[in-house]
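For reference, the structure discussed in these notes is given below.
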Amino acid sequence: MRLYSLSKHRFKGLIRKFIPSTVRDKIQNSVPIKFEVHHASPDTWTANHLPKFFVDAPEFSETFAHIDEQTRKTAKMGAHPLWEGYEGLKDYPAATTASSRDAQQVSTKQKTGRFFSWLVNSLKPKEIVEIGGAYGVSGMYWCAGLKANGTGNFTSFEPNEVWGKIAEANIQSVLERGRLVTGPFEENQDKAPSEIDLAFIDAIHTPEFVEPQLNLVLERANPGALIVLDDIEFSKPMLDYWKDLRKDPRFAAAFELTSRVGVLELAKHH
Ligand SMILES: C[S@@+](CC[C@H](N)C(=O)[O-])C[C@H]1O[C@@H](n2cnc3c(N)ncnc32)[C@H](O)[C@@H]1O
């Protein structure tokens, strides 16, 4: 089993390195979204609402067309340097020194993004926090959900000033009140809402960074809050950490989305 997962991650690393991201996107978009529910108590949002997920709700069609267009335009702006916090990361399965990435390489894909919009429309969160705004693509999908709800706030944290400016424009093109805080989440707690109903942790995908970020989110999370983690299979340590989290009794439900996104539902009494 250990050998299998090691070679699986090496294989994934090779795919990342040698298959152009445009081709990877096409492959990913042709695979339907699949959910794997690890556990869900009967009174949770996960047990009661997840089975009702449907793709392409008509109320989103105009906003989704706008997001597709913004995403295309943003990708065309080309690659910009990574935030300096990526320099010298240990045991990181991708080159980060003097590296640049474009929006297509780092952003949430269309299918997952549309799931995010539906999720917001179903959960009706008052406060959404995003850690890792990048170029604002996932932010546009979270905001599309809030726009459809007609209520709720969105705060995204992004330390890369160049990426953050682009992200802010994208987010506000969907929801004027959407906020982008320039700086790492950990150092800008005064700018985070005092209560959180939905958090998206999508920054540096190693347990060393994700665990403290999750703990900070939990300090403010309301009972029943959803915590969405991207790239749970980024590396073997990250996958092991996710496997521990989904068994953690603080969460009344845990599920995975196409082996990439993990969702935890905070218990009503934690
Ligand atoms: C994978 S990208 C995010 C993609 C974005 N959520 C999307 O789907 O469109 C990761 C981002 O996290 C940012 N980041 C890294 N460490 C961070 C931290 N401590 N707080 C907030 N953002 C961070 C990086 O600069 C980078 O832009």
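Could you please let me know if PHE209 is in a helix (DSSP H, G or I) and within 11 Å of the ligand (Cβ to nearest atom)? Yes.
Yes/no matrix, rows are residues, columns are (1) within 18 Å of the chain's Cα centre (by Cα); (2) farther than 20 Å from GLU127 by Cβ:
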site	(1), (2)
VAL174	yes, no
LEU180	yes, no
ALA192	yes, no
ILE196	yes, no
PRO223	no, no
ILE232	yes, yes
LEU264	yes, no
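The lone criterion from (1) part of a helix (DSSP H, G or I); (2) more than 11 Å from the ligand (Cβ to nearest atom); (3) acidic (Asp, Glu) left unmet by GLU186 is number (2).
On the given criteria, is THR155 surrounded by fewer than 18 Cβ atoms within 10 Å (Cβ to Cβ), touching a Lys or Arg at 6+ places or on another chain (Cβ under 8 Å) and not hydrophobic (A, V, I, L, M, F, W, C)? No: the conditions fail for THR155.
Taking the range 60-99 as the range and being over 16 Å from GLY132 (Cβ atoms), within 20 Å of the chain's Cα centre (by Cα), at pLDDT below 95 and within 15 Å of the ligand (Cβ to nearest atom) as the test, only PRO93 passes. There is at least one residue in the range 116-125 that is surrounded by fewer than 19 Cβ atoms within 10 Å (Cβ to Cβ), in a loop (DSSP other than H, G, I, E, B) and out of contact with any Phe, Trp or Tyr (no Cβ under 7 Å at 6 or more places or on another chain).
Being away from the ligand (no atom under 16 Å from the Cβ) and touching a Ser or Thr at 6+ places or on another chain (Cβ under 7 Å): is that true of ALA57 here? No: the conditions fail for ALA57. Scanning the range 131-160 for residues that are part of a helix (DSSP H, G or I), within 10 Å of the ligand (Cβ to nearest atom) and of a type outside the set (Ser, Thr, Tyr) turns up VAL137, GLY139, MET140, TRP142. Scanning the range 189-206 for residues that are part of a loop (DSSP other than H, G, I, E, B), touching a strand residue (DSSP E or B) at 6+ places or on another chain (Cβ under 9 Å) and more than 7 Å from the ligand (Cβ to nearest atom) gives ALA192, PRO193, SER194, GLU195, HIS205. Among the residues of the range 106-114, at least one is within 12 Å of the ligand (Cβ to nearest atom), within 24 Å of ALA192 (Cβ to Cβ), out of contact with any Pro (no Cβ under 9 Å at 6 or more places or on another chain) and assigned to a loop (DSSP other than H, G, I, E, B).
Aliphatic (A, V, I, L, M) and within 16 Å of the chain's Cα centre (by Cα) - does that describe any residue in the range 147-163? No - not one qualifying residue is present in the range 147-163.
Residues of the range 31-59 being assigned to a loop (DSSP other than H, G, I, E, B) and modelled with pLDDT of 95 or more, which ones? Hits for the range 31-59 are SER41, PRO42, ASP43, THR44.
The values are calculated or read from the model by the stated rules, or taken from the named source; none is laboratory data. Model, not experiment: these values are computed from the prediction. Using ideal geometry, Cβ is built from the backbone for each residue, glycine included, and neighbour counts are taken over all protein chains shown.
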